[in-house]
Amino acid sequence: MLRVWWDIKGVIHYELLDNNQTINANLHCEQLRRLKTVLSQKRATLVYRKGVIFHDEELCWKILPHLPYSPDHAPTDYHLFQGLQNHFDGLTLTTREEIENELDSFFGSRSTEFYKRGIYKIVERWK
């Protein structure tokens with residue numbers, strides 16, 4: 001399982017879970033703490049100006065008021081993961097290192113415009 005946190009500039013952080021690992025409350029909270037650390041390094045201005053709008057959980061951040069399963073509000077994940085699916089089509093990867101290299105390749109090869117489009121889609125639908 002892959003969890004990705006991203007904004008209009010690109011991927012901030014991702015975590016690839018081990019085989020047969022599931023997300024529970026403890027893991028979710030650990031991941032959010034790691035995300036907060038990475039955010040303070042990669043997007044410090046967001047953290048320090050208290051401008052983070054998080055679309056999932058509260059960690060001293062403003063929550064975007066949105067029904068998570070509303071048919072009128074498709075999550076931005078579809079934008080990112082559809083492109084990722086196309087990138088991985090036809091590839092045979094056997095090691096975690098190969099998977100991480102391909103993830104890094106895909107995330108690094110997308111333009112800022114790609115990420116911006118995905119984030120703004122949810123803003124447009126939210127309005």
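Residue count for the range 41-56 under the criterion of being surrounded by 12 or more Cβ atoms within 10 Å (Cβ to Cβ) and at pLDDT 85 or above: the result is 1.
Please determine, by comparing only the residues of the range 86-127 that are polar (S, T, N, Q) and open to solvent by less than 80 Å² (accessible area, probe 1.4 Å), which one is farthest from the chain's Cα centre (by Cα).
Result: 95.
With respect to the conditions (1) surrounded by 11 or more Cβ atoms within 10 Å (Cβ to Cβ); (2) modelled with pLDDT under 60; (3) of a type in the set (Phe, Trp, Tyr), residue 69 lacks only one, and its number is (1). When the residues of the range 1-28 are filtered to those that are part of a strand (DSSP E or B) and touching a residue at least 60 places away in the same chain (Cβ under 8 Å), the one that is nearest to residue 97 (Cα to Cα) is 16. Where residues in the range 1-36 are more than 24 Å from residue 114 (Cβ to Cβ) and basic (Lys, Arg), which of them is most open to solvent (accessible area, probe 1.4 Å)? This residue is 33.
The values are calculated or read from the model by the stated rules, or taken from the named source; none is laboratory data. Just so you know, these numbers come straight off a predicted model, no measurement behind them. Counting neighbours? That spans all protein chains shown, and the Cβs are built from the backbone with ideal geometry, glycine included. Please note that ligands, DNA and RNA were not included when accessible areas were found on the heavy atoms of the full protein model with its side chains. Shrake-Rupley method; radii C 1.70, N 1.55, O 1.52, S 1.80 Å.
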